[in-house]
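A single structure is presented below for examination.
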Amino acid sequence: MMLIAVIHGPNLNLLGVREPDVYGTVTLARIDERIEALAEELSVEVSICQHNSEGAIIDAIHQAGCEADAIVINPAGYTHTSVAIHDALKAVPIPAIEVHLSNILAREEWRQRSVTAPACAGVIGGLGAESYLLALRGAVALARESAEAAS
């Protein structure tokens, strides 16, 4: 069965209480429940993790590269700074979709640049928790296309 790795970055464990005017009131647990429900509907499996440290996110990307068919990643604050996460995404042989709850292009100037996005097949953001569901659909479509091209 197809496996999609979902990697949540720093501070996302505080969703629901952290800046609800920016990130909404939905918790990470609820987002994960919605991701799992959609995965079941799409007949795929998901592995979901959340890490606050850059190294752990890189380790999760490396692991996904060995086990998963695609990645959905919210690098959160590392979006704007992490060349290392960019490089890890480029190093694995599977597509990734970058996801954001908020519209980073409508935020502070320094948040408008993603150093990780060029390593991804696409970026979805600004739609709250729905961004993750659209990203999952995109990741599944990319993985299926890749599997068809390989056969």
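The values are calculated or read from the model by the stated rules, or taken from the named source; none is laboratory data. Remember, it's a predicted structure, so these values are computed and weren't measured experimentally. Cβ: placed from backbone, ideal geometry, glycine included. Neighbour counts: every protein chain shown. Please note that ligands, DNA and RNA were not included when accessible areas were found on the heavy atoms of the full protein model with its side chains. Shrake-Rupley method; radii C 1.70, N 1.55, O 1.52, S 1.80 Å.
Consider Ala129 carefully, then state whether it is open to solvent by 10 Å² or more (accessible area, probe 1.4 Å) and in contact (Cβ under 8 Å) with a residue 60 or more places away in the chain.
Values: open to solvent by 10 Å² or more (accessible area, probe 1.4 Å): yes; in contact (Cβ under 8 Å) with a residue 60 or more places away in the chain: yes.
When the stated conditions are applied, Ala129 passes them.
Given the residues His62, His80, His8, which is the only one that is open to solvent by less than 10 Å² (accessible area, probe 1.4 Å) and either farther than 19 Å from Gly138 by Cα or touching a helix residue (DSSP H, G or I) at 6+ places or on another chain (Cβ under 8 Å) (or both)? It would help to see each step written out before you state the result.
Details: His62 fails: open to solvent by less than 10 Å² (accessible area, probe 1.4 Å); His80 fails: open to solvent by less than 10 Å² (accessible area, probe 1.4 Å).
Among His62, His80, His8, only His8 is open to solvent by less than 10 Å² (accessible area, probe 1.4 Å) and either farther than 19 Å from Gly138 by Cα or touching a helix residue (DSSP H, G or I) at 6+ places or on another chain (Cβ under 8 Å) (or both).
How many residues are hydrophobic (A, V, I, L, M, F, W, C) and within 21 Å of Pro95 (Cα to Cα) if we restrict to the range 16-61?
Narrowing the range 16-61 to residues hydrophobic (A, V, I, L, M, F, W, C): 17, 22, 26, 28-29, 31, 35, 37-39, 42, 44, 46, 48-49, 56-58, 60-61.
Imposing the further condition that a residue be within 21 Å of Pro95 (Cα to Cα) reduces the set to 35, 38-39, 42, 44, 46, 48-49, 56-58, 60-61.
Residues in the range 16-61 being hydrophobic (A, V, I, L, M, F, W, C) and within 21 Å of Pro95 (Cα to Cα): 13 in total.
Every residue, every condition in (1) closer than 18 Å to Ala121 by Cβ; (2) polar (S, T, N, Q), yes or no:
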| residue | (1), (2) |
| --- | --- |
| Pro20 | no, no |
| Thr25 | no, yes |
| Ala64 | yes, no |
| Val83 | no, no |
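Which strands (runs of 3 or more DSSP E) does the range 39-151 wholly contain that include 1 or more residues that are touching a Ser or Thr at 6+ places or on another chain (Cβ under 7 Å) and modelled with pLDDT of 95 or more?
On the way: elements: 45-50, 70-74, 96-100, 122-125.
Ranges flagged: 96-100, 122-125.
A further question on this structure: Picking from Glu67, Glu41, Glu36, Glu19, which residue would you name as being of a type in the set (Asp, Glu), surrounded by 13 or more Cβ atoms within 10 Å (Cβ to Cβ) and either out of contact with any strand residue (DSSP E or B) (no Cβ under 9 Å at 6 or more places or on another chain) or closer than 21 Å to Ala141 by Cα (or both)? Even if it seems obvious, please write down each step before you answer.
Values: Glu67 fails: surrounded by 13 or more Cβ atoms within 10 Å (Cβ to Cβ); Glu41 fails: surrounded by 13 or more Cβ atoms within 10 Å (Cβ to Cβ); Glu19 fails: surrounded by 13 or more Cβ atoms within 10 Å (Cβ to Cβ).
Only one candidate passes the filter, namely Glu36.
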